[in-house]
Amino acid sequence: MRLGPGLIVLTLLLLLVGCGGESDGLKSATSEGPLGKGSSGVWLYRPAGEAKDVVVFLHGQGGPDEAKPDNHLPWINHLVSRGSIVVYPRYEMDYEADAMPFIVDGLKTADKKVDLDKLPVLVIGYSRGGGLAVEYGALAGKNDVPVPQAIMAVFPAGFGNAKQQVDLSPLPDTTELMFMVGDQDEVVGSGGAAFTGERLARAGFPGENVHLDLVESHGKFVASHFAPMETTPAARKAFWEPADRILDALDEG
């Protein structure tokens, strides 16, 4: 069948619209990764349209399983849907006692793909990542990676960078810090939050900027160590909603 010039133009326009081309003014959320090699690798998630903020998501100890974002992908997708760029450093393919250099490498790789410097930053750290999140906040400024305005340590372990304990005194005293503790956490309990809180106190960090959120079990919801990976309404209310509130506050400036 031979198409006339008018039909050819119309067909091309329809194809562009169907492919989400620039002509329709729409963009889709994207994911890339892992970018970089080995433990320095990173996953990068970008929202449709203009990003409002950046979330650095630091996973728990778990080697290759946690180095992939699969366990946290529902939460990551939710963050992206609300307009966040999410950066997920893998930081360990096997256990890395000195994890921070790999996290920094991952952030620098992500920054080459998208400018992370002009947006508010929240670090969410889970388990070992909770300890690392606080340490990252202390080291970010001198490593030329995004400095967080807020840190959310979810069921944190008491250590992050196990090979060499990080000095927390450089953590900006304007940082807002939330520790989440589960009443049925059978892995780290409240010990990790207490230990990190003591380190912050010794470093002179202002106590009024440290907030404790006790996640309580109720009904069928059990606030065990692995509850942050769940997607039930109760889990989303316990973990996703506090993060959304923090981000909303950061977005409002």
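Read the figures in this text as sums done on the coordinates, not as results from a lab. Here the structure is a predicted model, which means the values were calculated and not measured. Using ideal geometry, Cβ is built from the backbone for each residue, glycine included, and neighbour counts are taken over all protein chains shown.
Observations on the structure shown:
- In the elastic network of the chain, a GNM with C-alpha springs shorter than 10 Å, the most mobile of MET178, MET93, MET152 is MET93.
- Under the convention that each Lys and Arg Cβ holds +1 and each Asp and Glu Cβ holds -1, the size of the dipole of the chain around its Cα centre is about 720 debye.
- Between the range 171-223 and the range 56-92, the Cα center-to-center distance that results, in Å: 20
- Nearest 10 degrees, 0 to 90: helix 241-251 Cα axis against the chain principal axis: 70
- Computed label-point distance, nm, for sites GLU32 and ASP251 using a 7 Å Cα→Cβ extension: 2.4
- For the chain, built as a Gaussian network whose Cα springs stay under 10 Å, the top-fluctuating residue of ALA203, ALA238, ALA133: ALA203
- Net +/- balance of residues flanking LYS113 in space, Cβ distance below 12 Å, scoring K and R +1, D and E -1: 0
- Every Cα-Cα pair in the range 27-251 was counted, and those over 31 Å apart are 12% of them.
- Residue by residue, the range 229-237 carries 3J(HN,Hα) couplings of 8, 7, 10, 5, x, 5, 5, 5, 5 Hz when phi is fed to the Karplus relation 6.51 cos²θ - 1.76 cosθ + 1.60 (θ = phi - 60°); x denotes Gly or Pro.
- Karplus-derived 3J(HN,Hα) values for the range 84-99, using 6.51 cos²θ - 1.76 cosθ + 1.60 with θ = phi - 60°, are 8, 7, 10, 10, 10, x, 7, 6, 7, 9, 10, 4, 10, 5, 10, 7 Hz; glycine and proline are entered as x.
- The orientation-averaged projection of the convex hull spanning the C-alpha atoms of the range 85-175 amounts to 5.6 square nanometres.
- The trypsin sites (Lys or Arg not before Pro) of the range 175-253 that DSSP puts in a loop, and whose beta carbon has at most 14 other beta carbons within 10 Å, are LYS220.
- FRET efficiency for ARG202 and THR174, using Cβ-Cβ distance with R0 set to 22 Å, rounded to 0.05: 0.70
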